[in-house]
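The values are calculated or read from the model by the stated rules, or taken from the named source; none is laboratory data. This is a predicted model, so every value here is computed, not measured. Glycine gets a Cβ as well: all are built from the backbone with ideal geometry, and neighbour counts include every protein chain shown. We work out accessible area using only protein heavy atoms, side chains counted, and drop any ligands, DNA or RNA first. Shrake-Rupley method; radii C 1.70, N 1.55, O 1.52, S 1.80 Å.
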Amino acid sequence: MRTAYRVETVRAAEAALMARLPEGALMQRAAAGLAAACCSLLGKGRVYGARVALLVGSGDNGGDALYAGSRLARRGAGVTAVLLGDHAHEGGLAALRAAGGRVVDSAHDDPFEPLAAADLVLDGITGIGGRGGLRPDAVPVARAARGSDAVVVAVDLPSGVDADTGEVAGEALRADVTVTFGTYKPGLLVDPARSYTGALRLVDIGLGAELPGVADLEALQHQDVARLLPVPGAESDKYRRGVLGVVAGSARYPGAAVLAVEGALRGGAGAVRYVGSAADAVIAAHPETLVHPGPPDRAGRVQAWVVGPGLGDEPGVAEVLASDVPVLVDADGLRGLDPALVRARSAPTVLTPHAGEAAALLGATRGEVEAGRLAAVRELAARFGATVLLKGSTTLVCGPGSTDAGPAAGGAVRVNPTGTGWLATAGSGDVLSGLAGSLLAAGLRPVDAASCAAYLHGLAARRASGGGPVTAGEVAGALGGAWRDVTAGV
């Protein structure tokens, strides 16, 4: 599992570790890892004679860049440091000069000349404490670096992005590779900042023992999902595997019901009970479905409900929320949803909005939600007392106890690492709802059901897409293969 910690926690861990190490040892560890990454990017035998430009700010990131540059210079690279801050790390400057590196002060010299010929640029302008985008005097140099033919490597994180939130409040320098130290930072995993990081590499500098057990952000990997997915035993029957109720679809949107039911069936549900006006379409596509004219409380025994996909103005949301089993609310079910009604429930609730639906629930704009995805998902979870899966370029899952002050009782916010841009297609959210609902019915915790569903859904989209357009039905059809991929090594 990838874990990420906010700046305050990283600073405290670094301070605790530095207290036991010789002065400067931690920076040297970071610089050594950074230099090694740069060597691998330049390629075997290409370090000698390579041209490297360092963009150096006033903070420790600038020091990391200078020390890494000195190591590259000692291996024969031509290294030039472009100083962009009010001052630079003195020890790093001395090390670079002693190794034969050159120093250019952007206030007095031409900062663009080293960039024009560079094979690799190290972005050490701002560090994890940076806020609000690049300073105006750094913007032209950053643009020149991005416009060059050089590989741009960010030191710890791209300059101009917010390490804690993933927000990009001004201009930022987009990297080809980001080399981060000690642990991941939330902003490296969450859009919009994630799109600035490029390929992400982690350098171990020994922080592990100093970091708390509960991270601020975490990203599941194959083995994590495999441990959580239900596996039927010899004594399993459809009720032990979980029966999911689905209230979805309408005369206008019968396909939403079909796709939600298919997501549930391919997600391992023992049985699916469908309630709604799209019964004929559902039975035609999936004859194993148990259909009922309604209301939901008369449809029969279920272990969880999904309500909302394609529902339009048809009834069902209030009746399902009155039940005493877990409920997932999506799409039309989210429209005008009352936080008090959700908070009053005795059983867990999962909400699965996209950015537009989240904005309506928060009284914000879609742009505000997309610019501050972490804040939005935490606010929704707190306001509704629910687990929230915020769909989008980086899907986030947040339990009701996680706040801006830290993970607290809700645990870490989870960010989904799978998926593809081709997944932004009509009906894919309906498949996700059914899949997550089936995992709720199987007994998974809401956060686990939502995050495992997002992981499998994204993986299935990759399998079905193959790098090209994909339909929601094709995503659903690939869920079994994605499940097998995840559990193959277990």
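At a glance:
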read-out	value
Top positive-direction residue, dipole computed over the stretch 360-490 with Cβ charges, set Gly481, Ala371, Leu396	Gly481
Options Pro230, Ala279, Gly249, ranked by Cα towards positive dipole end of the stretch 181-287, top entry (Cβ charges)	Ala279
Tensor-based shape of the chain (alpha-carbon gyration tensor, a/c under 1.5 rounded, otherwise prolate or oblate)	prolate
Antiparallel DSSP beta bridges within the chain, percent to nearest 5	15
Whole-number accessible area per residue in Å² for the stretch 321-389, which is evaluated in the context of all protein chains at 1.4 Å	37
Percentage relative contact order, the chain, counting C-alpha pairs under 8 Å, at least six apart	12
HN-Hα J in Hz across the stretch 455-466 - Karplus 6.51, -1.76, 1.60, θ = phi - 60°, x for Gly and Pro	5, 5, 4, x, 5, 5, 5, 4, 4, 6, 6, x
Separation of alpha-carbon centers, the stretch 435-464 and the stretch 214-265, rounded to whole Å	6
With every protein chain in place, the chain: carbon and sulfur % of accessible area (1.4 Å)	51
Point-to-point label distance, Thr365-Met1, nm (Cα→Cβ direction, 7 Å offset)	3.7
Total charge dipole magnitude, the stretch 69-128, about the Cα centre, Cβ charges on Lys, Arg, Asp, Glu only, Debye to nearest 20	440
Relative contact order %, the stretch 29-151, counting alpha carbon pairs below 8 Å whose residues are six or more apart	29
C-alpha center-to-center spacing [the stretch 314-388, the stretch 467-490] in angstrom	27
Backbone HN-Hα couplings from phi across the stretch 39-46 [Karplus 6.51/-1.76/1.60, Hz, Gly and Pro as x]	4, 5, 6, 5, x, 4, x, 10
Projected label distance in nm at Tyr239 and Ala32, using a 7 Å step from Cα toward the beta-carbon	6.2
For q = 0.12 Å⁻¹, Debye-computed log10 I/I(0) when each Cα of the stretch 308-397 counts as one equal scatterer	-0.32
Cβ-derived FRET efficiency at R0 60 Å, Glu171 paired with Ile283, nearest 0.05	0.60
Which of Ala144, Tyr67, Ala94, positive extreme of dipole for the stretch 1-159 (C-beta unit charges)	Tyr67
Assigned charges on the beta-carbon of Lys, Arg, Asp, Glu; the stretch 152-262 dipole about Cα centre (debye)	580
Long-range amide H partners of Arg102 with built H, under 5 Å	Val79, Thr80, Ala81
Contour excess over end-to-end distance, with Cα ends at Asp86 and Ala16 and 0.36 nm allotted per residue	22.4 nm
Computed [θ] at 222 nm, helices only, for the chain once each DSSP H run of length n ≥ 4 contributes -39500 (n - 2.57)	-11000 deg cm²/dmol
Stretchable slack from Ala347 to Thr471, in nm (0.36 nm times residue separation minus alpha-carbon distance)	41.3 nm
Theoretical gain in end-to-end length, Gln221 to Ser40 [0.36 nm per residue, Cα-Cα removed]	62.6 nm
Under 5 Å, built H, 5+ apart or other chain: amide partners of Asp191	Thr394
Sequence-separation-based contact order of the stretch 154-258, relative, with Cα cut under 8 Å and 6+ spacing, percent	19
Amide proton proximity set for Leu328, modelled H, under 5 Å, gap of 5+	Trp305, Val306, Val307, Val350
Net charge dipole size for the chain [Lys, Arg +1 and Asp, Glu -1 on Cβ; Debye, nearest 20]	1040
³J(HN,Hα) computed for each position of the stretch 139-148 - Karplus, 6.51 cos²θ - 1.76 cosθ + 1.60, integer Hz, glycine/proline x	4, x, 5, 4, 5, 5, 5, 5, x, 7
